[in-house]
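Values quoted throughout were computed directly from the atomic coordinates according to the rules given, and no laboratory measurement underlies them. On a predicted model such as this, the values are computed, not experimentally measured, just so you know. Neighbour counts run over all protein chains shown; Cβ positions are idealised from the backbone, glycine included.
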Amino acid sequence: MSENLCAVDAEATSLSVVYHGETMRFHAIWLRDNAQDEHTRVGGSGQRLLTLTDIPNNTRIASAHISGERLLVTFSPDHYQTQYDLAWLRQHRYDKVAYRSAPWVASTIETWNHDRQASLVVGDWRQMTAQPKAKADWLACFLCDGFGVINVGDTRDGALHEVIAQFGYVRETNYGSLFNVRTEVNPSNLAFTGLGLQAHTDNPYRDPVPTVQILYCLENSAAGGENMLVDGFACALRLYQETPEYFEVLSRYCARFEYVEKGNTILRSKRPMIELCADNQIRAIRFNNRSFAAPVDVPFEQMETYYAAYRAFAKIIDDPTMEISFKLNPGECFLVDNTRVLHARKGYSGSGNRWLQGAYADIDGFRSTYDVLEEAV
Ligand code: FE2
């Protein structure tokens, strides 16, 4: 078994630890701020009790040594002593973080295209409500793929709320806590007609945008009306591969989205179609031809390139090799990560009935439910 060692640098501003043959470096200020003891953090919630300004600006490592699986540190100038679990330090190491100039997606997700169709699985509601493991497995797939389908088997009005309640919380909007999608004589929104819809993310005119959408089928005897899903992150990465300058303008300049219902609702947002974190991780896609407002945040010299990029991105999104499709039967639903996966509908005929209900939720609740289930295993 290899020996665990530690050494403080000459300025005492950092130390290195050799743990099971791996070298990890940590700064004095990082260690002091991230102490795990009861003076620094509340037991249970782990909330930090200190502000950074409570910690001396000239914090240094006075001494450090390893005892078993723990690193013991004394800081100067305040002689503060604390200790760290070496496994925790390894889990939180940061000295190999490299800046990535190309866009990237989290290692916890897998992007997909049409090939994903072959492995499309419909979740079994009875199993996932009876067995925590089945629920955790469905959530793991949902968080990895950005979508999931469930056969609930219930065709009661409002059954979708019970689905959301299993995972998180409904997000109420001006459409209510749910909305109906079916043919209406005087449609106020194109979603309520029999026309096909281009793949889109919902409600990009909201800020913050709803991060989960559920569409639940209550009746479906109309011909057509299949649902299609497209992985927006896969489309964005493909755009970058094919034409990096198009990716650049769609992620650099903000689009505007707008929804107006006269006398009742005015919603406007300003965000890029491809939103990146500061470290170039792809964070969100906003794409919706119906609510795309006149772009006014693109420089004159870039506007033609911006429109060429928008067209190229739309062509990738419309490309059948990027989509999966399925027809929902009554009692079935699908959920999407609305910041990543676009949904679309093929046109359906006026004969027969097609009645879907939709609702929004936020994905943090889903992640929390999954993490709690995983921790309990
Ligand atoms: Fe939609």
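Rounded to the nearest 500, what is the 222 nm mean residue ellipticity of the chain from helices alone, with -39500 (n - 2.57) per DSSP H run of 4+ residues and division by all residues?
Calculated from helices alone, the mean residue ellipticity at 222 nm is -7000 deg cm²/dmol.
For LEU15, LEU160, what's the fewest-to-most ordering of other Cβ within 10 Å of each Cβ?
Ranking LEU15, LEU160 by Cβ neighbours within 10 Å, fewest first, gives LEU15, LEU160.
Quote the Stokes-Einstein diffusion coefficient, in whole µm² s⁻¹, for the chain, based on the Kirkwood radius over alpha carbon pairs, a temperature of 10 °C and a viscosity of 1.306 mPa s.
67 µm²/s
For LYS327, list the aspartates and glutamates whose Cα falls under 15 Å from its own Cα; do not include residues on the same chain fewer than 8 positions away.
GLU219, GLU226
Rounded to the nearest Å, what's the spacing between the alpha carbon centres of the range 264-281 and the range 64-129? Just the number, please.
If we compute the Cα centre of each part, the gap is 27 Å.
Got the relative contact order for the chain handy, in percent, Cα pairs under 8 Å and 6 or more residues apart?
23 percent
Can you give me the C-alpha center-to-center distance between the range 296-356 and the range 7-62, rounded to a whole angstrom?
Using only Cα atoms, the two centres lie 47 Å from each other.
Which angle from 0 to 90°, rounded to the nearest 10, does the C-alpha axis of helix 132-145 make with the longest principal axis of the chain?
80 degrees
Under 10 Å, Cα contacts only: if you run a Gaussian network model on the chain, which one of GLU110, GLU22, GLU242 comes out with the highest mean-square fluctuation?
Judging by the Gaussian network model, the answer is GLU22.
Can you tell me the 0 to 90 degree angle between the C-alpha axis of helix 232-242 and the longest principal axis of the chain, rounded to 10?
Once rounded, the angle reads 80 degrees.
Compute the helix-to-body angle for 303-318: its Cα long axis versus the longest principal axis of the chain, expressed 0 to 90° and rounded to tens.
Tilt relative to the chain: about 80 degrees.
Roughly how big is the range 5-91's charge dipole about its Cα centre, with Cβ charges of +1 (Lys, Arg) and -1 (Asp, Glu), in debye to the nearest 20?
80 debye
Under 28 Å between alpha carbons, and skipping anything fewer than 8 positions from LYS270 in its own chain: which lysines qualify?
LYS262, LYS315
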